[in-house]
Amino acid sequence: MIPERKLRDEIIRFSHLCYERHLLVAMDGNLSVKLSETEILCTKAGCHKGFLVDEDLVVIDRKGKKLRGSGTPTSEMAMHLACYDERPDINAVIHTHPPIAIAFTIAGVSMARCVLPEVVLTLGTVPTVEYATTGTLTLADKLRPYVRDHDAVLMDRHGAVCLGTSLLIAFCNLETMEHTALITKTARDLGNVRELPADEAGKLRSLGLKRYGGPPSAVAQADNPGADLPHACTGCSGCAHPSPSGIAPKSEMKMARVTQAGLGATLGASDRGKDTARLEDALVSEVLRALGK
Ligand SMILES: [Zn+2]
C-alpha cells in the first residue's frame, strides 16, 4: 500500500498540472485516489486546483461520507465512486473540463474514432456519455456502462472522466484525450480527418491491450480484433459519419460500405464515374444490401 503522505503529494502535484496544462480553470474539476479499499482521498468542493494545498484534501468512504479533513466533498464525487464501483482494477480518477474535447461534444463531433495509431494502441477510443445534470446520481449512473469498457470518457457539454491504476496513468489518459482532440480539430480545420483502415485499427487495439493492458472487459477480448472499438470504426473504414454521440450504433444496425471495386463491378470499367444515375443505383443497392433487404 502506498503511504498516504505520498498520495497527498501526488494529488496536489497532478491538480497543479491539470491547471497548468489548461485542462481545467477556476474551481473546476476534482481528483481522487484510493488510500485503501475502504478510503478515498479527494479534492474538496470549491477549491482552485492550480493552488491546491494539503488542507483542500478530504478522506471519504466508498459511500461518499467524509471521514477526515475540513471542507465538504464535492457532489461530483458520485462520479468517482461509480468508477471505483465499476472498476476494481483502478486506483485513481481525474475529472476535468478539457476545452477542445468538450467542444467536440458541443459540436456533436464524435471522439470515438480511430485516427491516431498510438492512441488506438494505448487508449482505444473515447465515447461520450449523454447529457445529464452535473453533480447528480443520474449522471453517475449514466457513466457506469462506459467506464466498464473505457479508461477515458467524455460527458456531453461537461467534461472528461479519466481512470487509471495510478494518478499518473489517469493523467496520461486525460492528456492523451485532449491532445487527440487538438490534432483532430486541426486536421478538420485543414480540411479532412482520415481514419485508420478498420483492419489496422483492430490490429493496433489488440496489440495495445496485450502490451499495455486496459479495462478488464476489453483485455478479455484482446484476441478478437476491434471487439472493443465502436461499430463505426470496424463497420465502415474511413467513415465520416460515426454516431454523433460517439456511442456505437446498436448491433443490428449495419453500415453501407461502397468500395471502389464494388462500384467498378456495378458500373463497368468503361463508364465508371460518368453515369450519375447508375452511381445512385449502386449506392441504393449497397444501402439495401447493408440493411439486409
Ligand atoms: Zn465537472
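Condition check: within 26 Å of Ala201 (Cβ to Cβ), more than 15 Å from the ligand (Cβ to nearest atom) and either in a strand (DSSP E or B) or modelled with pLDDT under 95 (or both). Does Val126 satisfy that?
yes
Could you run through segment 149-197 and say how many residues are among the charged types (D, E, K, R) and within 16 Å of the ligand (Cβ to nearest atom)?
3
Could you list, in sequence order, all residues of segment 87-115 that are more than 16 Å from the ligand (Cβ to nearest atom) and surrounded by fewer than 18 Cβ atoms within 10 Å (Cβ to Cβ)?
Pro88, Asp89, Ala107, Gly108
Just checking, which of Ala218, Ala140 is more than 16 Å from the ligand (Cβ to nearest atom), touching a residue at least 24 places away in the same chain (Cβ under 8 Å) and assigned to a helix (DSSP H, G or I)? Write out each step before concluding.
On the way: Ala140 fails: more than 16 Å from the ligand (Cβ to nearest atom).
It is Ala218.
Determine whether segment 41-51 contains at least one residue that is more than 27 Å from Ala181 (Cβ to Cβ), within 16 Å of the ligand (Cβ to nearest atom), surrounded by 19 or more Cβ atoms within 10 Å (Cβ to Cβ) and of a type outside the set (A, V, I, L, M, F, W, C).
yes
Is there a residue being more than 24 Å from Glu178 (Cβ to Cβ), among the basic types (Lys, Arg) and within 16 Å of the ligand (Cβ to nearest atom) anywhere in segment 65-74? Steps first, answer last, please.
First, the residues of segment 65-74 that are more than 24 Å from Glu178 (Cβ to Cβ): 65-73.
Among the residues that remain, those that are also among the basic types (Lys, Arg) are: 65-66, 68.
Of the ones still in play, those that are also within 16 Å of the ligand (Cβ to nearest atom) are none.
Within segment 65-74, not a single residue is more than 24 Å from Glu178 (Cβ to Cβ), among the basic types (Lys, Arg) and within 16 Å of the ligand (Cβ to nearest atom).
The values are calculated or read from the model by the stated rules, or taken from the named source; none is laboratory data. Fair warning: this is a prediction, and the values are worked out from it, not measured in the lab. As a convention, Cβ positions derive from the backbone with ideal geometry for all residues, glycine included, and neighbour counts pool all protein chains shown.
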